[in-house]
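Colleague: I have a structure here, written as structure tokens, and I will follow up with some questions on it.
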Amino acid sequence: MSSPDGFAAAVRAHRFDEVAFDGEAVECARAALVGAGLLVVGEPHGVYETPGALYALSSVLGTRAVAFEWSHEEMDGPVQDFVCDGCFDFERLWSLPASAEFFSGDGRIAAGHFALLRRLRDEGRLDQAILFDRLDPAPPPDDPLVRDRELAERLAAEWDARFPLLVLTGASHARLEAAEGEMMAAHLARERPRLQPAMLDYASGHCWSRGRLHDVSGPMPPAPITLRVPVATPAVVPGSPSS
């Protein structure tokens, strides 16, 4: 979607289809939220149905805050303004340079996420929205996992722990154990040892990331909680004005 008006229309048109999770998985998610105060949810980026799955989780678990793996340098101002006044300034976002991460098309940012923020706010269930990613430094750091540590640090620093929190992040960052080192969830678990991440596991379908479709029916990384969803379809992502 390469114009602010078109993207705004996609936000308004976004469907929140009913999502029914397995009862045992929901109870595990509830216990994890009670134990740690937050639930980290790993996803394949770029799936249309993911905001609906988050909405279903928020509704059943009673969360009051949401966090996205978005660059705070680029997007925190517009998102916090929305939390305050309920209006998205898509023109402001489209004024970013074509090289901005907002236009990366990797699926982390999609129309459905904005629709989710709007719905939660309209229902009086959005006390805080956190953007916990940062722009990649240049040149890249020597340690490839420094980003995971920084994701965890910003999330912890920004979160008002009075508000039960849903955290959406790429599946790799939601792992407690990984051969390559400590991912974001593992860093968070140092301070909150009862943290138990969940994975959104789509049985079939495709996501949209970096200009093409990807099959999401393969196995997700292991996690204490698996939230199964039947079908994935491609999300609507922002496109550069020059695209």
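The values are calculated or read from the model by the stated rules, or taken from the named source; none is laboratory data. For clarity, every value in this text was computed on a predicted model and none was experimentally measured. With ideal geometry, Cβ positions are generated from the backbone for all residues, glycine too; neighbour counts draw on all protein chains shown.
Colleague: I want to confirm something. Restricting to segment 1-42 and keeping residues that are in a helix (DSSP H, G or I) and among the β-branched types (Val, Ile, Thr), which single residue is surrounded by the fewest Cβ atoms within 10 Å (Cβ to Cβ)?
Modeller: Top of the filtered list is VAL34.
Colleague: Now, a different point. Does segment 104-140 hold any residues that are outside any helix (DSSP H, G or I) and farther than 30 Å from LEU213 by Cα, and which are they?
Modeller: GLU123, GLY124, ARG125, LEU126, ASP127, GLN128
Residues checked against (1) acidic (Asp, Glu); (2) modelled with pLDDT of 95 or more:
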| position | (1), (2) |
| --- | --- |
| ILE130 | no, yes |
| ASP143 | yes, no |
| ARG147 | no, no |
| ALA171 | no, yes |
| GLU191 | yes, no |
| LEU227 | no, yes |
| THR233 | no, yes |
| SER242 | no, no |
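Colleague: Report yes if some residue within segment 141-156 is out of contact with any helix residue (DSSP H, G or I) (no Cβ under 9 Å at 6 or more places or on another chain), part of a helix (DSSP H, G or I), free of Cβ contacts under 8 Å to residues at least 12 places away in the same chain and surrounded by fewer than 18 Cβ atoms within 10 Å (Cβ to Cβ); otherwise report no.
Modeller: Yes; the residues of segment 141-156 include at least one that is out of contact with any helix residue (DSSP H, G or I) (no Cβ under 9 Å at 6 or more places or on another chain), part of a helix (DSSP H, G or I), free of Cβ contacts under 8 Å to residues at least 12 places away in the same chain and surrounded by fewer than 18 Cβ atoms within 10 Å (Cβ to Cβ).
Colleague: Still on this structure, I have one more. Only one of these is in contact (Cβ under 8 Å) with a residue 24 or more places away in the chain, surrounded by fewer than 22 Cβ atoms within 10 Å (Cβ to Cβ) and either part of a loop (DSSP other than H, G, I, E, B) or more than 17 Å from the chain's Cα centre (by Cα) (or both): SER217, SER204. Name it.
Modeller: Only one candidate passes the filter, namely SER204.
Colleague: Among the residues of segment 79-89, count how many are surrounded by 19 or more Cβ atoms within 10 Å (Cβ to Cβ) and either closer than 12 Å to PHE102 by Cβ or touching a Lys or Arg at 6+ places or on another chain (Cβ under 7 Å) (or both).
Modeller: Final tally of qualifying residues: 1.
Colleague: Sticking with this one: Can you find, within segment 106-140, the residue that is surrounded by the most Cβ atoms within 10 Å (Cβ to Cβ) among those that are within 16 Å of TRP70 (Cβ to Cβ) and acidic (Asp, Glu)?
Modeller: The residue in question is ASP133.
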